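The structure appears below as structure tokens.
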Amino acid sequence: MPKESFVHVSTWVFDLDNTLYPPQARLFDQIEVRMTRFVMQALGVDQPKADHLRRHYWATYGTTLAGLMREHDVDPGPYLTEVHDISLDHLEPDAQLAAHIRALPGRAIVYTNGTAPYAERVLAARGLDGLFDAVYGVEHAGFRPKPEREAYETVFKIDGVDTETAAMFEDDPRNLQAPHEMGMRTVHVAPDPHDAEHIHHHTDDLAAFLRKLS
């Protein structure tokens with residue numbers, strides 16, 4: 001991973017879930033239970049059907065919420081409040097990750113398909129609060145989810161991101177397609193690599209990767 005690949009980068013954009021904390025924390029196990037319960041109540045379906053719809057909407061639209069909004073006109077507010085009301089007890093502060101984010105040149109922001117208040121809670125639990133110049137959630141994108149290009153464009157316009165001098169760190173390879181098309185340097189953060197033209201780099205250790213850049 002050549003450091004030279006990032007010399008032009010002055011804005012560092014980080015996804016939140018399974019990116020700024022390890023997948024082993026399994027926060028999504030909690031979130032998915034709440035998603036399924038919400039779908040059951042909102043649509044009046046049983047658990048197997050709700051589980052199927054949750055996965056189908058995620059695969060089709062990028063998030064379960066996007067499918068619920070488009071196909072059932074669900075109000076995003078109560079949904080987002082419910083699914084993110086989870087325990088963060090499994091998260092631990094990561095002093096090394098904090099130090100390497102702090103050492104990055106330029107600005108660092110968080111952009112998640114969750115909500116900004118949820119992101120702030122996670123960042124605090126990881127010891128990463130106060131490190132980012134801004135935190136953006138799905139509400140800032142008009143509830144449009146990554147991987148929709150319009151979602152990125154909306155958030156990046158709010159922030160003033162110059163995508164030609166920015167890098168995106170994401171665990172979901174789908175969510176790196178639009179950033180790549182917009183001229184960003186893309187980094188897939190996940191246990192296993194995903195071979196695709198729109199992914200420039202892969203790492204299973206974000207702190208170690210960032211250490212090489214600072």
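The values are calculated or read from the model by the stated rules, or taken from the named source; none is laboratory data. Predicted, not measured: the structure shown is a model, and the values here were computed from it. With ideal geometry, Cβ positions are generated from the backbone for all residues, glycine too; neighbour counts draw on all protein chains shown.
Taking (1) surrounded by 12 or more Cβ atoms within 10 Å (Cβ to Cβ); (2) part of a helix (DSSP H, G or I) in turn, Gly114 satisfies each apart from (2).
Number of residues in the range 16-34 that are in contact with a Lys or Arg (Cβ under 8 Å, 6 or more places away or on another chain) and modelled with pLDDT of 95 or more equals 2. Counting only helices (runs of 4 or more DSSP H) that fall entirely inside the range 1-98 and contain at least 3 residues that are within 30 Å of Lys157 (Cα to Cα) and of a type in the set (Ser, Thr, Tyr), the qualifying elements are 47-61. Return yes when Leu53 is at pLDDT 95 or above, within 27 Å of Leu213 (Cβ to Cβ) and either buried (at least 17 other Cβ atoms within 10 Å of the Cβ) or not assigned by TED's automatic domain parsing to the domain that holds Val13 (or both) and no when it is not. Spelling it out, it is not the case that Leu53 is at pLDDT 95 or above, within 27 Å of Leu213 (Cβ to Cβ) and either buried (at least 17 other Cβ atoms within 10 Å of the Cβ) or not assigned by TED's automatic domain parsing to the domain that holds Val13 (or both).
For the structure I just gave you, tell me whether His198 is at pLDDT 95 or above, part of a loop (DSSP other than H, G, I, E, B) and in contact with a His (Cβ under 9 Å, 6 or more places away or on another chain). Against the criterion (at pLDDT 95 or above, part of a loop (DSSP other than H, G, I, E, B) and in contact with a His (Cβ under 9 Å, 6 or more places away or on another chain)), His198 qualifies.
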